[in-house]
Amino acid sequence: MPSPAAAEVIQWSRGYADRHPLAALRTLGGQVVLAVRAFHYLATDIARRRFPFGEFVEQATFMARTAVVPTLFVTVPISVTLSIQFGLLAGQLGATSMAGAANGLATIRQGAPLVAAILMAAAVGSAISADLGSRTIREETAAMEVMGVSVIRRLVVPRLAAAIVVAVALTGFTCFIGFLAGYAFTVILQGGTPGSYTTTFSSFATVNDLVLTLMKAVVFGMIVAIVACHKGLDTRHGAAGVANAVNAAVVQSILLLMVVNVLFTQMYLILFPTASF
C-alpha cells in the first residue's frame, strides 16, 4: 500500500494527464473530425447546389470588415521594421541594392501570410467562437439538431468557406501593402534607387513564393475557422465558458499557425532548393 502522500501524488498525476495531454488529444481529434465533416458537406452542397451562398457572403463581408483595418495598421509598421533591419544589414555588407530582394522575400514568404493569419485568428476567430458559443449556451444549436438541421452544414460550412476566401484576399492585400511600405521607406526615406529595389524584388520574389504564400493562406484560413467553430460549439458553463472559448480559440489558432508555417517553410526549402535566397 502506498503512503498517503504517494497516493495523493499519483492521483494528482492522473488528474493532470486527464486535464492536459489527454484533453489536448481529444480536442485535436474533435477538430479533425469537424474539419472532415465540414469539407464533406462543403463538397456535397456545392455539387448539389445547396450551398448557403447568402450566409457565405454575409460571413465573408463581416470577416473582411472586421480584419482589414487591423491588418493594414499591423502590416505597415512590420514592413517598415523589416526594411530598417535589412537596409542596415545590406549597408554593412556593401549591398544596399539588395534591400528590395531581402524585403520582398521576408514580406511575401513569411510576413504577409503570418500577419493575415494572426489578424484572422485575433479578430475573426474570436468573433466566430463568441457567436457560436453564445448560440450553444442558449441551446440554439441543440434546437437546430432537434429540428433536423445540421449545425455543421448550416453554421460551420459557410464560415469555413468565407474564412478561406478572406484569408487569401487579406494575404494578397498584405503583400501589396508590404511592398508599398517597404518601397516608400527604402526609396523615399533612405534614399535608395527605385530601379534597383523593384528589380531585385521581382528577381528574388518569384512566382513559386507567391504560390506558397497563397497555399499558406488557404491552410491558415481553414485552421482559424475550424478551431474557432469547434471551440464555439464546445462551449460550456454559461457566459464564462464563452470567454474561455474565445481565449482558447485565439491561443490555439496562433500556436497551430506557427507550427504549420514552420512545416510549410521547411517543406518548401526541401522541394524547391534552387528558389531559396
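The values are calculated or read from the model by the stated rules, or taken from the named source; none is laboratory data. Computed from a predicted structure; not experimentally measured. Cβ sites come from the backbone with ideal geometry, for glycine too, and all protein chains shown count toward neighbours. In case anyone asks, the SASA skips ligands and DNA or RNA and just uses the protein heavy atoms, side chains included. Shrake-Rupley method; radii C 1.70, N 1.55, O 1.52, S 1.80 Å.
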Backbone N under 11 Å from the residue 188 label point (7 Å along Cα→Cβ), restricted to region 109-131:
none
Accessible-area ranking of 197, 41, largest first, probe 1.4 Å
41, 197
Mind giving me the FRET efficiency for residue 27 and residue 243? R0 is 22 Å, r the Cβ-Cβ distance, nearest 0.05 is fine.
0.80
To the nearest 0.05, how large is the calculated FRET efficiency for residue 58 and residue 211 if R₀ is 30 Å and r is the Cβ-Cβ distance?
0.50
Residues in region 151-180 near a label at residue 50, defined as backbone nitrogen under 17 Å from the 7 Å Cα→Cβ point?
151-159
Not counting ligands, DNA or RNA, and with a 1.4 Å probe, what is residue 58's accessible surface area in Å² rounded to the nearest 10?
110
Arrange the residues 222, 267 by how much accessible surface each exposes, largest first, with a 1.4 angstrom probe.
267, 222
Which value does Rg/Rh take for region 102-167 over its C-alpha atoms, Rh per Kirkwood?
1.19
Unit charges on C-beta of K, R, D, E only; dipole of region 126-255, Debye:
120
Sorted by accessible area (1.4 Å probe), largest first, how do 109, 65, 159 line up?
65, 109, 159
